[in-house]
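To start, the structure under review is shown below, and the notes come after it.
The values are calculated or read from the model by the stated rules, or taken from the named source; none is laboratory data. Please read all numbers here as calculations on a predicted model, not as lab measurements. Please note: Cβ atoms are built from the backbone with ideal geometry, for glycine as well, and neighbour counts cover all protein chains shown. Keep in mind that these areas ignore ligands, DNA and RNA; they rest on the heavy atoms of the full protein, side chains included. Shrake-Rupley method; radii C 1.70, N 1.55, O 1.52, S 1.80 Å.
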Amino acid sequence: MSEEMDTQNNSGAATLPHAEHYDPEGIKIGMWLFLITELMTFGGLFILYAMQSYTYRADFLAASGSELSRAMGAFNTVVLLTSSLTMALSINAILQGARKRSMVLLGITIACALIFFGVKYFEWTAKFHHGVYPGSEHWVNELNNGTRTFFTLYFSMTGLHGVHLFIGLCLLIWCLVRIQKGQITPERHMMLENCGLFWHLIDLVWIFLFPLFYLIA
Amino acid sequence: MDSPAHTPPLADRIYVAVYGALLVLTAITVGVAYLPLGPWATAVALVVAGCKSSLVLWYFMGIRTDPPIFRWMLLFTLGTFVVFLVITYTDYLFR
């Protein structure tokens with residue numbers, strides 16, 4: 001009896017296939033809810049920056065001018081903006097069914113992320129060479145409270161931004177693999193679009209970090 | 001071409017135009033930093049950053065073509081952030 005029912009159920013399932021539920025808008029709302037928590041995380045740090053720069057105005061201006069290279073900051077800004085453009089174009093390409101073009105554009109985005117990391121590596125090591133890091137002799141004996149606060153914020157905020165960039169980079173590489181395997185298609189493209197949203201958020205945060213740390217001198 | 005094509009919400013040339021605008025704004029914000037504006041320098045830099053981030057949100061992040069709920073979610077977030085900012089500033093200035 002039960003065996004009979006099982007067979008019936010199985011054949012029923014086989015003869016009545018139903019479309020898998022795929023809800024792009026719901027997927028996107030979920031991503032935005034996460035992005036909102038991200039915005040508030042960085043937002044809190046920006047409020048902290050605002051308060052500290054109010055207290056240590058002169059030290060902040062001097063520290064920004066003495067240690068941070070505007071050229072490197074501006075270069076990295078252009079790199080991230082370019083990566084945002086190629087990210088958006090890559091999503092457009094996948095929507096149009098142009099898989100290869102999408103992969104090339106995504107590859108450029110990934111290359112931009114690596115360039116950004118390269119520049120950041122030079123910037124941070126230059127600071128370490130000058131003894132500008134928490135706990136160094138120079139830091140403890142020669143830097144005043146304002147300068148220390150500025151660089152503590154600099155390392156935490158660009159550091160947290162860097163962590164996001166690294167996670168974003170891993171996600172983009174994963175997307176590239178999935179496009180290659182044909183798992184991201186015009187119908188099921190939301191993974192690429194959500195990773196794109198995350199990538200643009202990283203760009204968004206940098207748009208504020210750049211002037212606040214590099215340009216205020 | 002492994003699947004039928006969909007029309008993207010925004011054409012490629014719109015993204016390229018927005019990218020151009022973002023580059024121009026970056027050039028402006030770097031250029032302005034060399035002018036002797038004193039305390040206004042930060043204000044100008046933040047206004048330019050605000051314009052750039054609006055462009056990124058509106059076009060690159062697709063708020064322009066998304067259903068209205070995304071706009072409301074974003075506005076609610078920015079409103080909450082402003083409340084935090086104002087409360088912290090008032091506490092700080094009048095303590």
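Could you calculate the FRET efficiency of B:Ile14 with A:Ile115 from 1/(1 + (r/R0)^6), where r is the beta carbon distance between them and R0 is 22 Å, rounded to 0.05?
The computed FRET efficiency comes out at 0.30.
So for segment A:64-192, averaging the separation of alpha carbon pairs under 8 Å that are six or more residues apart and normalising by length, what relative contact order in percent results?
Over segment A:64-192, the number comes to 29 percent.
Could you bin all the Cα-Cα distances of segment A:30-106 into 5 Å bins starting at 0 and give me the percent of pairs in each, rounded to whole numbers?
That works out to 3, 12, 10, 11, 18, 15, 11, 8, 6, 4, 1, in percent per bin.
Given just the C-alpha atoms of segment A:26-214, how large is their convex hull per residue in cubic angstrom?
Convex hull volume per residue, Cα atoms: 104 Å³.
Against the longest alpha carbon principal axis of chain A, how many degrees, from 0 to 90 and to the nearest 10, is the axis of helix A:99-129 turned?
30
Provide the net charge surrounding A:Ser136, with neighbours chosen by a C-beta distance below 15 Å and charges set as Lys +1, Arg +1, Asp -1, Glu -1.
-1
Using just the helices of chain A, give the 222 nm mean residue ellipticity in deg cm²/dmol: DSSP H runs with n ≥ 4 each add -39,500 (n - 2.57), and the total is spread over all residues, rounded to 500.
Mean residue ellipticity, 222 nm, calculated: -29000 deg cm²/dmol.
Defining a contact as two alpha carbons under 8 Å apart and six or more residues distant in sequence, what relative contact order in percent does chain A show?
For chain A, the relative contact order is 33 percent.
Under the √(5λ) rule applied to the eigenvalues of the Cα gyration tensor, what semi-axes describe the equivalent ellipsoid of chain B? Give them in Å, descending.
Equivalent-ellipsoid dimensions as semi-axes: 34, 23, 7 Å.
Take B:Ile69 and B:Thr88, extend 7 Å from each Cα along the Cα→Cβ direction, and tell me the distance between the two endpoints in nm.
Calculated label separation equals 3.0 nm.
Ordered by residue, what ³J(HN,Hα) values in Hz, to whole numbers, does segment A:130-142 give under the Karplus form 6.51 cos²θ - 1.76 cosθ + 1.60, where θ = phi - 60° and Gly and Pro are x?
Calculated HN-Hα couplings, in order: 7, x, 8, 7, x, x, 6, 4, 4, 4, 6, 8, 10 Hz.
Under 29 Å Cα-Cα from A:Lys100, which lysines qualify once same-chain neighbours fewer than 8 residues away are excluded?
A:Lys28, A:Lys181
Heavy-atom accessible surface, probe 1.4 Å, ligands and DNA/RNA ignored: which residues of segment A:29-48 lose at least 40 Å² versus the isolated chain?
Buried by the other chains: A:Ile29, A:Trp32, A:Ile36, A:Met40, A:Ile47.
Enter the angle in degrees (range 0 to 90, nearest 10) between the Cα long axis of helix A:70-95 and the first principal axis of the Cα atoms of chain A, meaning the one along which they spread out most.
10
Evaluated at 37 °C with a viscosity of 0.692 mPa s, what Stokes-Einstein diffusion coefficient in µm²/s does segment A:135-217 have when Rh comes from the Kirkwood expression over alpha-carbon pairs?
In µm²/s, the coefficient is 214.
Probe radius 1.4 Å, ligands and nucleic acids left out: which of A:Leu114, A:Leu192 has the largest accessible area, and how do the rest follow?
A:Leu114, A:Leu192
Per residue of segment A:32-44, in order, report the coupling 6.51 cos²θ - 1.76 cosθ + 1.60 (Karplus, θ = phi - 60°) as ³J(HN,Hα) in whole Hz, putting x for Gly and Pro.
Computed from phi, the couplings for segment A:32-44 are 5, 4, 5, 4, 5, 5, 5, 4, 6, 4, 5, x, x Hz.
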